[in-house]
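Read the structure below first, then the notes.
The values are calculated or read from the model by the stated rules, or taken from the named source; none is laboratory data. The shown structure was predicted, so the numbers you read here are calculated from the model rather than taken from an experiment. Every residue, glycine among them, receives a Cβ derived from its backbone with ideal geometry; neighbour counts consider all protein chains shown.
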Amino acid sequence: MRKIGFLLLTGLIVLASCGKTDQYKVSGTVEGVSEGQAVLQKIEAQGPAAIDTAEIVNGTFSFTGTVEYPELHLIYIDGNQMPVAFFLENGNININVDMENIQDAEVTGSEINKKFQEFNDGVPSNDRAQSLQQEFMAARQGGDQEKMQELAAEYQAIMQEQQQYYRDFVMTNTDNVVGAFLAMNMAGSMELEELEELVASLKESNPGHPYVLEIEKMLEPMQKQAAAEETIQVGKSAPDFTLADQDGNQVSLDSFKGKYVFLDFWASWCKPCRNESPNMVKAYNEFGGENFEIVGVSLDKTAEPWLKAVEEDNMTWTLLHDPSGDVANTYGVQSIPFTLLLDKEGVIIEKNLRGEQLQNKLEELL
């Protein structure tokens, strides 16, 4: 009987273990509201999205469920505009809220939220920054320009200090999702190499986390841009491409080898581009032909404005259409007009010539 009892107990333990799932339970107490609703929202790429609602009964509420990864969530209480911000993860989380000081809500039972609180508590001169805004408004209303400049300078110094604190915190917290969340918001201001190192560190500690995947998405276009900029350095061969001209004929850049080529990325809506048209007309009338060609690549989304601009500006050179921007992306075009001068072998010899610069260079070459 003892043996059977032992086996039965063991079986119950195994069944209990198999049936257990990781869940979260958020238990909240509210001072200042006894009845109402608490709304749980998740911070997503397109903005906060409500995922659950709980009734507040006798000043308490609770949420239960499961999450795959710890992520930042918000709880709005009784329609108040100020939410409680915390990281939701599986486990027991307790939140104590005073409705008069929602920003100081106490979140316990979670190491991640302890780290989040550590970050918030450490932001330098936060109270002073808020008071400076009020003082600045008062000085502006009073027309005190000297005071405004003084306050603005102090505020700018605090912002720089806070940015450095933010950056330092991220770099020393790549092993947790708080650091990953903050890195996601900082990534756009980082240099490529630094961001690549940061992503590598975050992936090692937080593989598959949505925040890390989002930062990787930000990294991809930066890497493509860097590769494109490397491709179009002076002394390198311009990448070949084929686009349709005004008549629908497919024209390749390489077909102009044997001539100097002025490659011009532009669009009908680009005023600086259109202002360059007279200079290009002059250059083409003088040098165009056997040894020189202009290849204009329009980034207009549709053909109608492109062709209208061609007629208005008296463009008679080779005109191609890149409505998808694929060729522009290959060349790393960030703004227009963007131009390259190619030698007879298709090698880049000058970049972004404007006005008389083009005329002078062609006179030198031809």
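Numbers below:
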{"read-out": "Close pairs (7 angstrom Cβ cut-off, 6 or more residues apart or separate chains): over 16 Å from GLN163 (Cβ atoms) in the stretch 185-204, of a type outside the set (A, V, I, L, M) anywhere", "value": "LEU192/GLN223; VAL199/GLU216; SER201/THR174; LEU202/THR174"}
{"read-out": "Test for GLY79: is it farther than 21 Å from PHE169 by Cα and free of Cβ contacts under 8 Å to residues at least 60 places away in the same chain", "value": "yes"}
{"read-out": "Meets criteria (part of a loop (DSSP other than H, G, I, E, B), under 28 Å from the mean Cα position of the chain (by Cα) and within 23 Å of ASN352 (Cβ to Cβ)) for GLN233", "value": "yes"}
{"read-out": "Single residue of VAL178, VAL123 found to be within 22 Å of GLN103 (Cα to Cα), more than 20 Å from the chain's Cα centre (by Cα), at pLDDT 90 or above and not basic (Lys, Arg)", "value": "VAL123"}
{"read-out": "PHE169 being under 30 Å from LYS203 (Cβ atoms), assigned by TED's automatic domain parsing to the domain that holds ILE215 and surrounded by 14 or more Cβ atoms within 10 Å (Cβ to Cβ)", "value": "yes"}
{"read-out": "Residue list for the stretch 259-299, restricted to those being among the acidic types (Asp, Glu) and farther than 14 Å from ASP343 by Cα", "value": "ASP264, GLU276, GLU286"}
{"read-out": "Count - residues of the stretch 44-61 that are surrounded by 15 or more Cβ atoms within 10 Å (Cβ to Cβ) and either among the polar types (S, T, N, Q) or under 24 Å from the mean Cα position of the chain (by Cα) (or both)", "value": "1"}
{"read-out": "Any chance LEU72 is under 20 Å from LEU182 (Cα atoms), out of contact with any Leu (no Cβ under 6 Å at 6 or more places or on another chain) and not basic (Lys, Arg)", "value": "yes"}
{"read-out": "Given (1) among the polar types (S, T, N, Q); (2) part of a strand (DSSP E or B); (3) out of contact with any strand residue (DSSP E or B) (no Cβ under 7 Å at 6 or more places or on another chain), index of the condition ASN360 fails", "value": "(2)"}
{"read-out": "Residue list for the stretch 49-79, filter: within 17 Å of ASP22 (Cα to Cα) and part of a strand (DSSP E or B)", "value": "SER62, PHE63, THR64, GLY65, GLU71"}
{"read-out": "Counted residues, the stretch 197-230 - those being touching a helix residue (DSSP H, G or I) at 6+ places or on another chain (Cβ under 7 Å) and outside any helix (DSSP H, G or I)", "value": "2"}
{"read-out": "Hits in the stretch 236-259 (condition: farther than 19 Å from THR302 by Cβ and part of a loop (DSSP other than H, G, I, E, B))", "value": "LYS236, ALA238, PRO239, ASP240, PHE241, LYS257, GLY258, LYS259"}
{"read-out": "Qualifying position, being in the same structural domain as LEU341 (by TED's automatic domain parsing), in contact (Cβ under 8 Å) with a residue 24 or more places away in the chain and out of contact with any His (no Cβ under 9 Å at 6 or more places or on another chain), among VAL212, VAL234, VAL297, VAL281", "value": "VAL281"}
{"read-out": "Considering residues of the stretch 224-239 that are exposed (fewer than 13 other Cβ atoms within 10 Å of the Cβ) and touching an Asp or Glu at 6+ places or on another chain (Cβ under 9 Å) only, the residue nearest to PHE256 (Cα to Cα)", "value": "LYS236"}
{"read-out": "Residue among TRP266, TRP317, TRP306 that is in contact with a helix residue (DSSP H, G or I) (Cβ under 7 Å, 6 or more places away or on another chain), under 18 Å from VAL327 (Cβ atoms) and surrounded by 20 or more Cβ atoms within 10 Å (Cβ to Cβ)", "value": "TRP266"}
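Residues checked against (1) polar (S, T, N, Q); (2) under 29 Å from the mean Cα position of the chain (by Cα); (3) not in a helix (DSSP H, G or I):
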position: PRO278; (1), (2), (3): no, no, no
position: ASN285; (1), (2), (3): yes, no, no
position: VAL297; (1), (2), (3): no, yes, yes
position: GLU304; (1), (2), (3): no, no, no
position: ASN329; (1), (2), (3): yes, yes, no
position: LEU341; (1), (2), (3): no, no, yes
position: ARG354; (1), (2), (3): no, no, yes
